[in-house]
1. Pulled fully out, how much extra length does the chain show between Glu49 and Arg62, if you take 0.36 nm times their separation in residues and subtract their Cα-Cα distance?
2. Write out the GluC sites (Glu not before Pro) in the stretch 41-125 meeting two conditions: DSSP loop, and at most 12 other Cβ atoms within 10 Å of their Cβ.
3. Considering only protein heavy atoms, what is the solvent-accessible area of Met106 at a probe of 1.4 Å, reported in Å² to the nearest 10?
4. Anything in the chain that counts as a DSSP H helix reaching 20 Å or more along its axis (C-alpha) with Kyte-Doolittle mean of at least 0.5? List them, would you?
5. What FRET efficiency would be calculated for the residue pair Leu38, Asp172, taking the C-beta separation as r and a Förster radius of 25 Å, to the nearest 0.05?
6. Tell me the net charge near Gly43. Cut-off is 9 Å between Cβ atoms, Gly43 excluded, with +1 for each Lys or Arg and -1 for each Asp or Glu.
7. What is the list of residues in the stretch 156-179 whose amide nitrogen lies under 16 Å from a point 7 angstrom out from the Cα of Ser193, following Cα to Cβ?
8. For Ile195, Ile108, Ile96, what's the largest-to-smallest order of accessible area, 1.4 Å probe?
Amino acid sequence: MQNDPNSVLNVDDLLAAYAIGYFPMARERDAKDVVWVLPKDRGVLVLAETHGPKKLMRFLRRAPFDVRVDTAFRTVMEECAEPYPGREETWICDPILDAYTELHEMGIAHSVECWREGRLVGGLYGLTVGGVFCGESMFSRVTNASKVAFLHLCARLKYGGYMLLDAQFHTDHLAQFGVREWPNAQYQDVLRSLIGKQTDFYGADRVLDGASAEAVATWVSQSITQTS
């Protein structure tokens with residue numbers, strides 16, 4: 001699909017914004033426009049410092065899901081846009097859906113998906129900006145699905161030469177993986193240094209081609225430091 005040329009959000013503006021640290025959000029699901037956000041403090045994960053709680057890592061190694069990449073990108077976005085108790089409104093509107101879908105078709109935006117018995121039960125999406133992966137949103141329909149997707153993403157990014165995951169905002173939920181808060185000036189400095197870095201989002205697939213789900217889960221767990 002092609003982004004609507006009359007849309008308030010086109011991919012060129014989107015990529016230019018990410019290159020200087022901005023990202024778009026809508027005020028509500030039916031919004032036709034977006035606001036551009038530049039957090040004063042940024043949630044970031046230095047990928048070399050990624051870690052996971054012992055209980056979650058044990059769950060990961062059991063290979064509880066069929067983890068896939070880029071097979072249902074727009075559906076992941078739509079699931080992330082669904083309301084849930086405590087968050088009845090979403091910041092993902094149609095212009096955002098369309099623009100990121102176009103970025104996905106360009107090979108810039110990606111999804112990591114957890115499937116169980118043929119049903120999509122969790123996942124996340126984001127986009128590549130040089131050596132930074134900008135995480136956008138995640139969802140779970142069953143326990144730990146988004147967390148497993150996140151760990152798979154981090155292992156993939158580390159192998160592919162990425163240095164930093166931009167989580168946008170720091171939360172207690174993300175802190176368990178090593179996400180911490182940086183002032184905007186620090187994030188901007190690191191972003192500029194990584195903007196031209198060559199990365200390979202699919203590098204892990206060539207290594208893991210034909211591997212069982214259990215073998216892939218073991219590979220992911222070996223890339224992540226376990227905490228108590």
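The values are calculated or read from the model by the stated rules, or taken from the named source; none is laboratory data. Treat the numbers as computed from the prediction; the structure is a model and nothing was measured. Heads up, the Cβs are rebuilt from the backbone with ideal geometry, glycines too, and the neighbour counts pull from every protein chain shown. Just the protein is used for accessible areas: all its heavy atoms, side chains included, with ligands, DNA and RNA removed. Shrake-Rupley method; radii C 1.70, N 1.55, O 1.52, S 1.80 Å.
1. Numbers: separation 13, 0.36 × 13 = 4.68 nm, distance 2.30 nm.
Separation in residues times 0.36 nm, less the Cα-Cα distance, equals 2.4 nm.
2. Numbers: sites: Glu49, Glu78, Glu79, Glu88, Glu89, Glu102, Glu105, Glu113, Glu117; in loops: Glu88, Glu89, Glu117.
Those that pass, being in a loop and sparsely packed, are Glu88, Glu89, Glu117.
3. For Met106, solvent-accessible area is about 100 Å².
4. Working: long enough: 145-159 (22 Å, 0.58).
The qualifying helices are 145-159.
5. Details: r = 23 Å, r/R0 = 0.91.
So, using R0 = 25 Å, E works out to roughly 0.65.
6. Details: positive: Arg42, Arg180; negative: Asp41, Asp166, Glu181.
Summing Lys/Arg as +1 and Asp/Glu as -1 gives -1.
7. What the label zone holds, given the 16 Å backbone N cut-off, is 162-166.
8. On the way: Ile195 75, Ile108 35, Ile96 0 Å².
My answer, sorted largest first, is Ile195, Ile108, Ile96.
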